[in-house]
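The values are calculated or read from the model by the stated rules, or taken from the named source; none is laboratory data. This is a predicted model, so every value here is computed, not measured. Here the Cβ is made from the backbone with ideal geometry for all residues, glycine too, and neighbour counts use every protein chain on show. Side chains included, ligands, DNA and RNA excluded: accessible areas come from the protein's heavy atoms. Shrake-Rupley method; radii C 1.70, N 1.55, O 1.52, S 1.80 Å.
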Amino acid sequence: MENILEVKGLKTHFRFDEGIVRAVDGVDFRIRPQGTLGIVGESGCGKSITAMSIMRLLPRSAKIVDGQMLFRYPDSRNIEQIVDLAQVDEDGRTMLEIRGNRIAMIFQEPMTALSPVHTIGEQLVEAIRLHQDLSKREARNLGIEMLRKVGIPRAEQRIDDYSFQLSGGLRQRAMIAIALCNRPLLLIADEPTTALDVTIQAQILRLIRELQEEYAMAVMIITHNLGVIARMADEVAVMYRGRVVEFADVDSIFHAPKHPYTKALLRSIPKVDAPRTARLLSIRGTVPEPFAVVPGCPFHPRCDVAVAGLCNSGEPPALLPVRNGHAVACVLETEESRRYA
Amino acid sequence: MLNHTTGQAEAPILVEVKGLKKYFPIRSGLLRRQIAVRKAVDDVNFSIRQGEVLGLVGESGCGKTTTGLCVLRGLEPTGGSVTMHVDGNAVDLMQLNRERLRTFRRHAQMIFQDPFASLNPRMTVFDTVTEPLRAHGVTDRDTLQARALELMELVGLAPHYLRRYPHAFSGGQRQRIGIARALALNPKLIVADEPVSALDVSVQAQIINLLKDLQEQLNIAFLFISHDLGVVKHTCNRIAVMYAGKIVEEAPTDELYAAPKHPYTEALLSSVPRPDPRHRENEIILSGEVPDPAHLPGGCPFHPRCLYVEERCKHETPALTPIGPNRRVACLRAEELSLRGMST
Ligand SMILES: Nc1ncnc2c1ncn2[C@@H]1O[C@H](COP(=O)(O)OP(=O)(O)OP(=O)(O)O)[C@@H](O)[C@H]1O
Ligand SMILES: Nc1ncnc2c1ncn2[C@@H]1O[C@H](COP(=O)(O)OP(=O)(O)O)[C@@H](O)[C@H]1O
Ligand code: SF4
Ligand SMILES: [Mg+2]
Ligand SMILES: [Mg+2]
């Protein structure tokens, strides 16, 4: 396995009295070592639950019901391991070794992810000493070095601040410092800049790219912002209602998209760099509510090219390759490519 | 919106805002003594023509919402005037007493960012959209019913939704209800504060199109507040850029994007990630944080983050000055700088 992470057919469901919410219902993607995967999709499509499944930090009501998440990493004796994160015990030794160490995560709202009752320094020291054999003093020094690295001015003083004493941008930097203090192989960034202003967003995105290079790590960046995807990702998974509907390199996603949803999404954003038009091309309707069961392709009720009989019944279309590295979950596309193959 | 090239240059002025100020007290200590003021809005001037859409952009805390609220006196300004020209009369909203303000409000309405918080969960859609009419003394059930049906049609909602409560609706549908309520009294001006920011991308476009249609059909003027430079580009005739409580640049939309004159506008445009992987590099990254209007530096308020700062910028405060026929800018170096716009 050359990839650092391969997710295949992942399904994570919530079970309630009212029914089942299929939050993640067939997710496939891979992340290359040092590569950047962008995951994009509208609110509720399952991006965060996918990330939480990988981290094995799901709410109690959620269960991984199917699929594999193969993660390749060198263990503490530097022997290469491949584990299926879907199978390991979420509180077991393997997961403890991986979480926060081999795979780290940053969140949209650092305010809720950081502890309000511990200083930034205490949280850094704890995260470091969980995985590295360092004294408190050494861990604190490493912590200061990390805060400097993420561009926090006067790091040796700021380390004793609480998260609420920092501005939004500095807080996000502090969270990045905590996430990277054990030099993870994979950083999962869930909407890392959504709560920030554009000038601060530009700073943080550049910081993530610089640290990615320095640490030679892979990044999985989750966002609903296609601009952020275009700036950061080299491969992209487009999600709709719990499924990856298109996977391709970033240039193909933006310049040769194949799935009707990807195409419609790209048409509907008010682009800052496009000439103004009289109207935006919108996608009709809305994402159906989570409990609703949609037969056939999950996008068919909103799709302009849906074919009755083909798209609105049966199983949802599988994500199938149409070209090298480009995969699409649309009956029309895969029929097409089969015909010309 | 409307005619992009010629805009509404010929239309008469609808609203003129002069010297608008809103200072919030900063209190501290047990006795909550006032120790300073936060100049959230500080001497803001602009006007909007009939049927025109003026965009107000800037980063969080720069005073957009406060400006919008003060224009409608949803918040009492510390100073300034807001003159509306309606039916041949010029009325300064700041001079109106409570009662006259209430009746005058039918000309100017507000749409809010959060469609979830801005609707009363215990009111049906019918009660919500007809509330402004009832507040203005319309009680006849048939009149209310007829107007409610018209409004639903205008905002693209099925009539049977009138009997429902808002909790069952999606964000886009709730925003449509908020828009219907704002339209109920045929306003001349709508202040829309981040009306699409809380919505999903695919729904954003629907609401932007709806606002455009309404503006064309009904010739309503908008003060369109947003932090999203993509959204304002596609909705506004003219844009005012705010920084730390002041307008620092104002220009017709296409001119602002093609050739910004203020270093802050340049940086703002450059830092928006463009949805095209072929345009990746060389964004301008401003250092420093979004300013807090309680702690502003002397001289040009932007000078600590400005790439073109000179010694005099630290002492002299630039005023918003006309350059060219339709543009204003507040930068000491505006004439000599040649800044980068956004190529399309
Ligand atoms: N704790 C939870 N309990 C019940 N349902 C949940 C929970 N968390 C998520 N869900 C449901 O799972 C689905 C996927 O949610 P998820 O948080 O992954 O979406 P997302 O793509 O991250 O959206 P956003 O862009 O809004 O963050 C949604 O239908 C959501 O309502
Ligand atoms: N009710 C209030 N009391 C005190 N300060 C306020 C109040 N409302 C806004 N402010 C301050 O005024 C400034 C401008 O805020 P706001 O108009 O909401 O900005 P924007 O809408 O551009 O994000 C900010 O510094 C904010 O903290
Ligand atoms: S006045 Fe000086 S500091 Fe202010 S924007 Fe112009 S060049 Fe920059
Ligand atoms: Mg999420
Ligand atoms: Mg605001």
Residues of B:257-268, mean number of Cβ from any other protein chain within 10 Å of their own Cβ, rounded to a whole number?
1
Extending each Cα 7 Å along its Cβ direction at residue B:326 and residue A:76, get the distance between those two points in nm, one decimal.
6.8 nm
With everything on Cα atoms, drop me the angle between helix B:201-218 and the longest principal axis of chain B, reported from 0 to 90° to the nearest 10.
70 degrees
Between residue A:39 and residues 5 or more places away or on another chain, the pairs with built amide H atoms under 5 Å apart involve A:221, A:222, A:223, A:237
To the nearest 0.05, how large is the calculated FRET efficiency for residue B:31 and residue B:310 if R₀ is 35 Å and r is the Cβ-Cβ distance?
0.20
Along its three principal axes, how long is chain A when you only count alpha carbons? Whole Å, largest extent first please.
67, 48, 43
222 nm mean residue ellipticity, helices alone, for the protein assembly as shown (DSSP H n ≥ 4; -39,500 (n - 2.57); rounded to 500):
-9000 deg cm²/dmol
Applied in sequence order to the stretch A:190-197, the curve 6.51 cos²θ - 1.76 cosθ + 1.60 (Karplus, θ = phi - 60°) yields integer Hz couplings, x standing for Gly and Pro, of 8, 6, x, 10, 4, 8, 9, 6
Buried accessible area, chains A and B (both chains, 1.4 Å probe, Å² to nearest 100):
4300 Å²
Angle check, please: helix B:125-135 long axis (alpha carbons) against the longest principal axis of chain B (alpha carbons), in degrees 0 to 90, nearest 10.
80 degrees
Mean Cβ neighbour count within 10 Å, used as a protection proxy, ranking A:141-149, A:8-16 highest first:
A:141-149, A:8-16
Would you mind giving the mean number of other chain beta-carbons within 10 Å of the Cβ of each residue in B:188-201, as a whole number?
2
Say each of residue A:148 and residue A:215 gets a label point 7 Å from the Cα, pointing the same way as Cα to Cβ; how far apart are those two points in nm?
1.8 nm
Taking every residue of B:228-235, the Cβ atoms of other protein chains inside 10 Å of its Cβ average out to 5
Each label point is 7 Å from the Cα along the Cα-to-Cβ direction; what then is the distance between the points at residue B:87 and residue B:259, in nm?
4.4 nm
Taking 30 Å as R0, compute the FRET efficiency from the Cβ-Cβ separation of residue A:251 and residue B:213 and round it to 0.05.
0.30
Heavy atoms of residue B:164: accessible area, 1.4 Å probe, square angstrom to 10:
90 Å²
To test your reading of the geometry: what angle, between 0 and 90 degrees and rounded to tens, separates the Cα axis of helix A:136-149 from the longest principal axis of chain A?
50 degrees
For residue A:149, the aspartates and glutamates lying under 19 Å Cα to Cα, once residues fewer than eight places off in the same chain are dropped, come out as A:122, A:126, A:138, A:160, A:161, A:210, A:213, A:214, B:289
To make sure I understand the rule: partners must be lysines, Cα under 26 Å from the Cα of residue B:261, and not fewer than 8 residues away in the same chain. Which ones qualify?
A:271, B:18, B:21, B:39, B:64, B:233, B:246, B:314
Using the beta-carbon distance between residue B:101 and residue A:305 and R0 = 41 Å, what value does 1/(1 + (r/R0)^6) give for FRET efficiency, to the nearest 0.05?
0.20
Alpha-carbon gyration tensor eigenvalues x 5, square-rooted, for the stretch A:1-133, Å:
25, 21, 15
